[in-house]
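Please read the structure below before turning to the comments.
The values are calculated or read from the model by the stated rules, or taken from the named source; none is laboratory data. Since we're looking at a predicted model, the values are computed, not measured. So basically every Cβ, Gly included, is an ideal-geometry build from the backbone, and we count neighbours across all protein chains shown. What goes into the accessible areas is simple: the full protein's heavy atoms, side chains included, and nothing from ligands, DNA or RNA. Shrake-Rupley method; radii C 1.70, N 1.55, O 1.52, S 1.80 Å.
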Amino acid sequence: MIERALELAAQARLLAPPNPAVGCVLVDAQGQVIGQGHTQATGQAHGEIMALRDAAARGHSVRGATAYVTLEPCAHHGRTGPCCEALIEAGIAKVVASLTDPNPLVAGRGLDRLRAAGVQVEVGPGAQQARELNIGFFSRMQRGRPWLRLKVAASIDGTTALGDGQSQWITSPAARADGHAWRARACAVLTGIGTVLADDPTLNVRELSTPRQPVRVIVDSHLQTPLQARILQSGGPVWIYTAVRDTGREAELSALGAHITCLPDAQGKVDLAAMVQDLARREINEVHVEAGSKLNGSLMRAGLIDELLIYLAPLLLGPGQGLLALPALGQLSDGIPLQFTDCQRIGPDLRVMARRVGSEAF
């Protein structure tokens with residue numbers, strides 16, 4: 001039943017942010033499923049409420065039933081009411097939850113409330129899978145910053161563009177569609193001004209149907225984003241982080257819907273760590289980075305990249321632009337350690353995923 005609840009949670013992954021994606025299955029005393037559901041869009045019902053509604057619509061009583069849920073039922077009044085109270089009022093006899101909610105507003109209070117009401121509680125089944133489904137939510141709640149996933153497409157010898165900037169298209173349509181699926185699950189897509197000036201991207205999700213578009217974020221230290229840039233003309237929120245104050249330029253960009261935040265560091269560039277913390281404050285769980293080698297390298301050197309999503313084409317391109325601009329090392333032991341987590345064929349290309357060692361230690 002937890003496996004089914006996890007399947008339901010996965011269906012909410014594109015819909016739920018900034019809330020966690022949660023699935024719930026209600027089972028009667030005979031072991032029959034009598035209701036199921038998953039988290040809806042922000043401000044709408046959580047998975048437990050959807051499962052209770054489903055059971056009612058089917059004509060089933062849930063009194064004495066067991067609720068299998070992938071995250072602790074919430075105990076606070078946020079955009080919706082507390083799910084633990086709804087389960088208690090419905091007469092649920094037992095709750096099996098994969099994980100305790102990392103949100104400080106919940107953090108065990110939902111389970112405590114259930115126990116206090118006489119509901120039997122079990123925690124743990126499916127914990128790793130449930131956490132993985134919501135890695136960005138856990139990161140934001142426990143580290144105070146989003147989970148940053150860096151996506152790059154390259155030839156097998158590591159070239160992401162020719163010396164003159166040509167990069168469309170190194171990988172296949174299948175790889176590009178897969179990349180859009182990763183865009184869709186993120187709360188924000190982040191790029192740098194260099195990419196905006198060179199490629200004029202829109203950075204929205206186009207290769208699949210999605211219930212929401214991620215915020216587009218531009219790191220633009222000197223407010224160089226052109227007013228005619230496609231990213232500003234394609235609809236949806238655009239957040240620009242800069243290191244300078246220019247009221248005239250800010251007014252022009254704001255008139256096109258951009259939100260400007262000035263966060264300079266000591267070198268006159270955007271303070272990347274402060275930017276990432278600000279994104280968390282604005283309820284961004286996962287950030288999908290699609291930038292050039294300079295910004296990629298800066299984010300990696302700052303310790304902000306958690307995961308690499310690399311598409312490798314069966315192609316040799318020779319010298320050109322690389323994955324990340326990193327400084328030369330004096331010895332091998334100074335390298336940044338990674339751990340491979342997945343490798344799959346996507347069309348003719350390879351999709352390699354790796355995590356920075358220690359990135360999950362929260």
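Assorted remarks:
- Every pair of residues 6+ apart whose Cβ atoms lie under 7 Å, when the first sits in region 174-198 and is open to solvent by 30 Å² or more (accessible area, probe 1.4 Å) while the second is charged (D, E, K, R) and part of a helix (DSSP H, G or I): G194/K294
- Of R176, R140, all but one fail to be charged (D, E, K, R) and either within 30 Å of A65 (Cα to Cα) or touching a helix residue (DSSP H, G or I) at 6+ places or on another chain (Cβ under 9 Å) (or both); the exception is R140.
- Just one of the listed residues (R230, R245) is of a type in the set (K, R), in contact with a strand residue (DSSP E or B) (Cβ under 6 Å, 6 or more places away or on another chain), open to solvent by 10 Å² or more (accessible area, probe 1.4 Å) and over 25 Å from R356 (Cα atoms), namely R245.
- Verdict on A93 being under 22 Å from I34 (Cβ atoms) and either at pLDDT below 95 or open to solvent by 10 Å² or more (accessible area, probe 1.4 Å) (or both): yes
- Long-range neighbours under 7 Å by Cβ, at least six apart or interchain, first residue over 23 Å from R282 (Cα atoms) within region 224-247, second among the charged types (D, E, K, R): L227/E252; A229/D200; R230/D200
- A single entry from A153, A188 fulfils the requirement of being of a type in the set (A, V, I, L, M), farther than 23 Å from G23 by Cβ, at pLDDT 95 or above and in contact with a Gly (Cβ under 8 Å, 6 or more places away or on another chain): A153.
- Conditions (1) buried (at least 20 other Cβ atoms within 10 Å of the Cβ); (2) modelled with pLDDT of 95 or more; (3) assigned to a helix (DSSP H, G or I); number of the one not met by C84: (2)
- Only one of L316, L309 that is of a type outside the set (D, E), at pLDDT 95 or above and either farther than 29 Å from L227 by Cβ or assigned to a loop (DSSP other than H, G, I, E, B) (or both): L309
- With respect to the conditions (1) modelled with pLDDT of 95 or more; (2) out of contact with any Cys (no Cβ under 8 Å at 6 or more places or on another chain); (3) among the acidic types (D, E); (4) outside any strand (DSSP E or B), D342 lacks only one, and its number is (4).
- Boolean, R145 is of a type outside the set (S, T, Y), within 16 Å of the chain's Cα centre (by Cα), assigned to a loop (DSSP other than H, G, I, E, B) and under 21 Å from A273 (Cβ atoms): yes
- Identity of the residue in region 29-44, among the polar types (S, T, N, Q) and touching a strand residue (DSSP E or B) at 6+ places or on another chain (Cβ under 9 Å), that ends up surrounded by the most Cβ atoms within 10 Å (Cβ to Cβ): T39
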